[in-house]
Structure formats: C-alpha cells, structure tokens
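What follows is one structure encoded as structure tokens, with my remarks underneath.
The values are calculated or read from the model by the stated rules, or taken from the named source; none is laboratory data. Keep in mind it's a predicted model, so treat the numbers as computed, not measured. These area figures cover heavy atoms from the full protein model, side chains too; ligands, DNA and RNA do not enter into them. Shrake-Rupley method; radii C 1.70, N 1.55, O 1.52, S 1.80 Å.
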Amino acid sequence: MNELETLKDKFAKTSDKNKIALIDEIVEKGEENYQFLRDFLLSNTEEVSPLKGKIYQVLKHSNHPENETFLNQHFPQGIVQLSSEKNIDYSELQELLIAKKYQEADSLTRVKLCELAGETAIRRKWVYFTEVEKFPETDLLTIDTLWQTYSEGKFGYQIQRQLWLSLGKDYTQLWTKLKWKSGNKWTKYPQEFIWDLSAPIGHLPLSNQLRGVRVMDALLSHPAWQK
C-alpha cells in the first residue's frame with residue numbers, strides 16, 4: 001500500500017473531525033485525488049456536515065475546471081438546503097461562508113435576524129428577545145447549519161449553546177470562553193474579534209451584549225435546538 005492509499009485508508013477509518021484535518025493532506029498528494037473528494041461529496045447527498053462543507057470549500061477554491069463543472073452540476077449554490085418559513089433568501093450568507101468571509105457573514109447574519117423579526121426590527125437594526133422567541137425553527141436551523149458546515153464545525157449558535165450548558169449557563173464564563181470579554185474589558189468590534197478559523201470554538205456569530213443577555217438567552221434557549 002503506497003503513501004496515498006495509506007492516507008485514504010486512514011481517512012475511511014477515522015472520525016469526521018480527523019477526516020477534516022486529512023483533507024488538505026490528501027489534496028497535496030496530487031490533483032487526481034480531487035476525484036476521491038468529489039465521490040465522497042456525492043455519497044449520501046442528503047447528509048450535510050462540517051466535513052462535507054470543508055470538502056466543498058476545497059473543491060470550490062481549487063481553480064480546477066473539473067471541480068468547477070462538478071460543483072455547478074451537483075451543488076450550484078452550496079451543500080446546505082436554504083429552507084425558510086418566511087421566504088428569506090440565505091443564498092448570499094451561504095456564499096460568504098463558503099468563501100470564509102466570516103466578518104461579512106456575521107454582519108449579514110444580524111441583518112437576517114432582523115428580517116426574521118419583521119419591518120420594525122429591520123428599521124431599528126437590532127432585535128428584541130421577545131422577537132427571537134418567535135423566530136421559526138426552520139430559519140434558525142438553516143442559519144446555524146450554514147455556520148457550522150462552512151467553519152469546520154467551529155462556529156454557530158448550537159456550538160455556543162453547548163459551551164453555555166457546559167458552563168452551567170454562566171454568561172460571565174461564557175463571554176471569556178468565547179473571547180468576547182477579557183476580565184472587565186469587552187472585546188472591541190471589529191478589530192479585536194477574530195475573523196478566521198484560528199478563533200476559539202463558538203467565537204462567531206456575534207451577539208451584542210451591551211444591551212444585556214436577554215437576546216443571547218433567547219437564542220440559546222430557542223426550541224429549534226431541541227430537534
């Protein structure tokens with residue numbers, strides 16, 4: 001078994017988290033290995049995961065004609081189905097996250113939350129916690145799936161929720177864990193936030209804590225995450 005075959009065998013037997021770490025290594029062994037990734041992406045197209053998101057991003061950014069043709073044929077918009085109960089268009093959010101433009105995606109996410117809340121929230125440019133409680137589960141799951149899928153599983157509301165629960169719902173500890181606060185000092189927007197995958201788990205998307213925790217509490221307590 002040659003080095004590449006050994007790598008593929010390791011890929012087949014390891015966890016999704018470890019598979020993500022192996023993808024770049026597989027590609028470095030030669031362009032012929034793109035076929036291996038394309039085949040994997042087509043296996044069970046109903047399943048969406050950070051692993052498949054990573055593979056999609058690698059193929060999308062490869063500047064390889066075969067990959068471009070393949071993605072245009074099978075996944076013209078991306079791999080996440082953009083479901084919405086309010087007919088909200090999440091295609092631009094998907095494009096930004098595929099491109100790893102996390103700062104722009106973060107800003108657009110807040111815009112989409114305002115769209116979910118309605119015209120009054122759109123005009124004021126932020127949401128009340130009582131509006132968050134009424135968000136459709138479908139839409140919140142779409143937004144969260146987009147963030148998780150195209151961040152190697154590092155970002156998203158459910159990731160933040162898991163941290164929050166692990167800390168006994170202690171927001172003071174959560175802000176520190178997310179690096180939204182250091183001691184008594186709030187992280188300054190945008191220059192002190194980290195807009196790439198070197199950020200801590202759950203660092204994005206952001207939520208404005210200067211108005212208190214009620215919006216964040218409504219997001220992390222939403223029934224969508226019980227699914």
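Things worth noting here:
- Rounded to the nearest Hz, the phi-derived 3J(HN,Hα) couplings of region 134-151 under the Karplus curve 6.51 cos²θ - 1.76 cosθ + 1.60 (θ = phi - 60°) are 9, 4, x, 4, 4, 5, 5, 5, 4, 4, 5, 4, 4, 5, 5, 4, 9, 10, where x marks glycine and proline.
- Computed from the alpha carbon positions, the gyration tensor of region 158-224 leads to an equivalent ellipsoid with semi-axes of 18, 14, 12 Å, biggest first.
- For region 171-227 and region 1-43, distance of Cα centres in Å: 34 Å
- For the chain: relative contact order, % (alpha-carbon pairs under 8 angstrom, 6 or more apart): 19 percent
- Estimated vicinal HN-Hα couplings, Hz - region 16-23 in sequence order (Karplus 6.51, -1.76, 1.60; Gly, Pro = x): 4, 4, 6, 4, 4, 5, 8, 4
- Which label in (i) 0.96; (ii) 1.09; (iii) 1.04 gives the computed Cα Rg over 2.2 N^0.38 Å: (ii)
- Shape index of region 1-135: Rg/Rh, with Rg the Cα radius of gyration and Rh the Kirkwood radius from the inverse mean 1/r over Cα pairs, equals 1.09.
- Sequentially through region 43-57, phi angles give Karplus couplings (6.51, -1.76, 1.60; θ = phi - 60°) of 6, 6, 5, 6, 8, 10, 8, x, 4, 5, x, 4, 4, 4, 4 Hz, Gly and Pro residues having no value and appearing as x.
- Exposure ranking of His61, His222 by accessible area [1.4 Å probe, largest first]: His61, His222
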